[in-house]
DNA sequence: ATGTCC
């Protein structure tokens, strides 16, 4: 197999705050058998054994545990037909609900349209989930590249919809079945277990995309709006690539795809997000980008630090004036903007490294997380 | 992250 030393690249500047523990995880993961390249992005932070905000390229072996349970998790971005000047934010915020609960429409038909089979997770299709997942109505804050903006048929007058969600219980069950057999170890790509995992993985990736699409549809229909998809990409997946004539396996753990055109890099819920155009040497950065601001504090740290600093009602209205619908108090603390690093710094590092050009920034108006208190 | 987990 591979006896060469793996390449490790940490894409960060002095202004990016990166924990030593995350860098240690990056290095240790890079030492796994068959690893060719490990890339850490400016949003790198510690995860469960392996870091988040990183991409790993292997040959001969795949490591499903690196991807985690939320296979296919990612960002979808839609343009609605709602006009910014006609926004009724208070009324809309009052009306939005239920996106964490099962959809009452025809899931079977929606699955069929995405050419997906029925599974035990049908009832979760179209639901946001917990943690850092959200659906957010946005306005265009600033267009930096008019040409690319126009190429995507985007209008500054229209409101946008950004959805962060994944494969819910489906990905979880796929990882669990793998881990029961192999724990955190990899498997040879030619093995039956690898083929079986990859087939289910690919389905979970498509399911997660259909999930984001249904969430956008549900959100828009509450506002009597239509929406059109602009961008969709997963930051948790394994994909096959060619590197110097060899087949390699790219593991993304919180790393956005760079090889499929424009991508969204979200901020935290109180900040702008960015629509960017990848411009770099793709293989050298493992065909990937940062996937967001990256956590600064763990969930439990955030809870204790932020609880003393803010009242819940101060967190449901952000510095940019946007509304955050999150009636679960713990989650509101865990996901407060202060718990995350500064997205501007992450974006600047990617720009300075020649990896992206900013097309536009997007201002949050209403962020929906959950109406339920637990 | 997860119809989570005591």
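Please treat every number below as a calculation from the coordinates, not as lab data. Just so it is clear, the model here is predicted, and its values are computed rather than measured. Backbone-built Cβ (ideal geometry, glycine too); neighbour counts: all protein chains shown.
Relative to the first principal axis of the alpha-carbon coordinates of chain A, what is the inclination of helix A:168-182, with its axis defined by its Cα atoms, in degrees from 0 to 90 and to the nearest 10? Orientation of helix A:168-182: about 20 degrees from the principal axis.
In nm, what is the difference between 0.36 nm times the number of residues separating residue A:240 and residue A:113 and their Cα-Cα distance?
Numbers: separation 127, 0.36 × 127 = 45.72 nm, distance 2.53 nm.
Answer, rounded to one decimal: 43.2 nm.
Restricting to DSSP H runs of at least four residues, report the calculated mean residue ellipticity at 222 nm for chain A, -39500 (n - 2.57) per run over all residues, nearest 500 deg cm²/dmol. The partial results should precede the final answer.
Details: 11 runs with 110 residues, N = 374.
Calculated mean residue ellipticity at 222 nm is -8500 deg cm²/dmol.
Express the relative contact order of chain A as a whole percentage, based on alpha carbon pairs under 8 Å and six or more residues apart in sequence. Before the final figure, lay out the partial values.
Numbers: 848 pairs, mean separation 90.0, N = 374.
Relative contact order comes out at 24 percent.
Evaluate the relative contact order of the range A:172-316 (contact order divided by residue number), counting alpha-carbon pairs under 8 angstrom at least 6 apart; express in whole percent.
Working: 125 pairs, mean separation 19.7, N = 145.
Result for the range A:172-316 is 14 percent.
Between the Cα long axis of helix A:192-222 and the first principal axis of chain A there is an angle of about 10°, rounded to the nearest 10. The relative contact order of the range A:212-257, computed from alpha carbon pairs under 8 Å that lie at least 6 residues apart in sequence, is 30 percent.
Ranked highest first by the average count of other Cβ atoms within 10 Å around their residues, in what order do A:39-47, A:350-358, A:178-186, A:72-80 fall?
Numbers: A:39-47: 26.8, A:350-358: 18.3, A:178-186: 14.6, A:72-80: 25.1.
Most protected by this proxy first, the peptides run A:39-47, A:72-80, A:350-358, A:178-186.
Computed from Cα atoms, the angle from the helix A:343-352 axis to the main principal axis of chain A rounds to 50 degrees. The overall shape of the range A:290-374, judged from the alpha-carbon gyration tensor, is prolate: a/c is not under 1.5, and a/b is greater than b/c. Here the range A:263-281 and the range A:290-358 have alpha carbon centers that stand 14 Å from each other.
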